[in-house]
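Data block below; observations after.
The values are calculated or read from the model by the stated rules, or taken from the named source; none is laboratory data. Every value quoted in this text rests on a predicted model; they were computed, and no experiment measured them. Here the Cβ positions follow ideal geometry from the backbone for every residue, glycine too, while neighbour counts run over all protein chains shown. Ligands, DNA and RNA are stripped out before the accessible areas are found, and what is left, the full protein with its side chains, is counted by its heavy atoms. Shrake-Rupley method; radii C 1.70, N 1.55, O 1.52, S 1.80 Å.
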Amino acid sequence: GAKKAGGGGFCFFDTRMRDSASTRLKEIEMLRHALRENQFVAYYQPIVNLSTEQIVKAEALVRWHHPQRGLVMPDEFIGLAEEIGLISEIDDWMFGEAVLCSKKFSALIDAPFQISVNKSALDFTNKVPTKNLAIYLASFKLDKGTICVEITESVLLNDSSIVIDKLAELQKAGIQLAIDDFGTGYASMSFLNKFKVDYLKIDRSFVQDMAANKDSRIFAETIIVMAHKLGLKVIAEGVETVGQRDLLKAAGCDYAQGYFFSRPVPLENFERLLQIIKT
Ligand code: C2E
Ligand code: MG
Ligand code: MG
Ligand code: MG
């Protein structure tokens, strides 16, 4: 159905509606319009250091503020944006927001503050010359380590030179790299052996099963040990309970994010969270 259970969320791109070509054209036009009219908004979810419980980073997550429908979640429009080739523009816009935000927060706390952005796997397949990417990245005058790019394992499946060149170009610009939703895909093991990233993000499905399911717990613990042996830090996603936090802490996980600490919030609210730390 069009309404998602239990929330104000409205599913735009209903499968029934999708059958109609004219509806599809309308959906596409709505998305392009959203980009032109600046209807996308960046929300920020705190990432805490598990040993101090202080907010040390944040992940930027896109929302669509539709004038009639209200807040639309990414799962409802990222797929279509990828299909019609609009995702790179959305991701670039988010990147710009994240840079502004990290500069602002770094000034606020008087120390480098890292923001993570998500980059669609499709962005790694198109053939934007890496030379242009370097010039584009240089234009932001980034401070080292203030931006982290999150990629999914599907990016690594295609371990072509384009992917490697782009990742290397991001690193050269002082950007850190994280593998998102780690454990749900394939191919990462061989890739990790070839290319050094900075973080693994344990997918929330394992985190949420940890307390009840011994296999998920062992899986999460093993990822943490392996990551540390490879010199990578681990971020746990989707921490919702004190029990999950305690298990992760006991397993030596470095960072965590999840509703237990905070939901993703608009910029103003996030600033307030950071002010609390400062004082
Ligand atoms: P992701 O990158 O794995 O982001 C984490 C998702 O988990 C976010 O959903 C976040 O709100 C949600 N989350 C965080 N903590 C909890 C928790 O404790 N419990 C539960 N149930 N969920 C939690 P969101 O914001 O709806 O984003 C969904 C996905 O959409 C993201 O997954 C990412 O793959 C994609 N996405 C979001 N923003 C962007 C963007 O700017 N560009 C691209 N290409 N993809 C994006
Ligand atoms: Mg992510
Ligand atoms: Mg994730
Ligand atoms: Mg995810």
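Brief remarks follow.
- Within the range 72-93, the set of residues being assigned to a helix (DSSP H, G or I), within 15 Å of ligand 4 (Cβ to nearest atom) and in contact with a Phe, Trp or Tyr (Cβ under 9 Å, 6 or more places away or on another chain) comprises Pro74, Glu76, Gly79.
- Residues located in the range 173-194, provided they are within 16 Å of ligand 3 (Cβ to nearest atom), modelled with pLDDT under 80 and polar (S, T, N, Q): Ser188
- For the range 141-158, the set of residues classified as within 18 Å of Ala60 (Cβ to Cβ), within 16 Å of ligand 3 (Cβ to nearest atom) and open to solvent by 40 Å² or more (accessible area, probe 1.4 Å) consists of Thr152 only.
- Wholly within the range 148-232, helices (runs of 4 or more DSSP H) carrying at least 1 residues that are within 14 Å of Lys119 (Cβ to Cβ): 153-157, 161-172
- Inter-residue pairs, beta-carbon under 7 Å, first over 14 Å from Glu271 (Cα atoms) and in the range 53-67, second open to solvent by less than 20 Å² (accessible area, probe 1.4 Å) and within 7 Å of ligand 1 (Cβ to nearest atom), 6+ apart: Leu61/Gln45; Val62/Ile90; Val62/Met94
- Within the range 212-247, the set of residues being within 14 Å of Leu200 (Cα to Cα) and touching a strand residue (DSSP E or B) at 6+ places or on another chain (Cβ under 6 Å) comprises Ala220, Ile223, Ile224, Ala227, Leu232, Lys233, Val234, Ile235, Ala236, Glu237.
- Selected residue (only one of Asp75, Asp91 is free of Cβ contacts under 8 Å to residues at least 12 places away in the same chain and either open to solvent by 10 Å² or more (accessible area, probe 1.4 Å) or on the phi > 0 side of the Ramachandran plot (or both)): Asp75
- Condition broken by Tyr199, with the remaining ones in (1) away from ligand 4 (no atom under 16 Å from the Cβ); (2) surrounded by 14 or more Cβ atoms within 10 Å (Cβ to Cβ); (3) under 30 Å from Ile135 (Cβ atoms) satisfied: (1)
- Some residue of the range 81-89 being β-branched (Val, Ile, Thr), touching a strand residue (DSSP E or B) at 6+ places or on another chain (Cβ under 6 Å) and within 16 Å of ligand 2 (Cβ to nearest atom): no
- Val117 meets all of the listed conditions (1) away from ligand 1 (no atom under 16 Å from the Cβ); (2) in contact with a Phe, Trp or Tyr (Cβ under 7 Å, 6 or more places away or on another chain); (3) modelled with pLDDT of 90 or more; (4) not charged (D, E, K, R) but one, namely (1).
- The residues of the range 21-72 that are acidic (Asp, Glu) and under 19 Å from the mean Cα position of the chain (by Cα) amount to a single one, Glu59.
- Within the range 136-164, residues that are of a type in the set (S, T, N, Q) sit with their Cβ atoms under 7 Å from residues that are part of a helix (DSSP H, G or I) and surrounded by 14 or more Cβ atoms within 10 Å (Cβ to Cβ), at 6+ positions apart or across chains, in these pairs: Thr146/Ser102; Thr146/Ser106; Thr152/Ala121; Ser154/Ala121.
- Residues of the range 233-249 that are open to solvent by 10 Å² or more (accessible area, probe 1.4 Å) and in contact with a helix residue (DSSP H, G or I) (Cβ under 9 Å, 6 or more places away or on another chain): Lys233, Glu237, Gly238, Glu240, Thr241, Gln244, Leu247.
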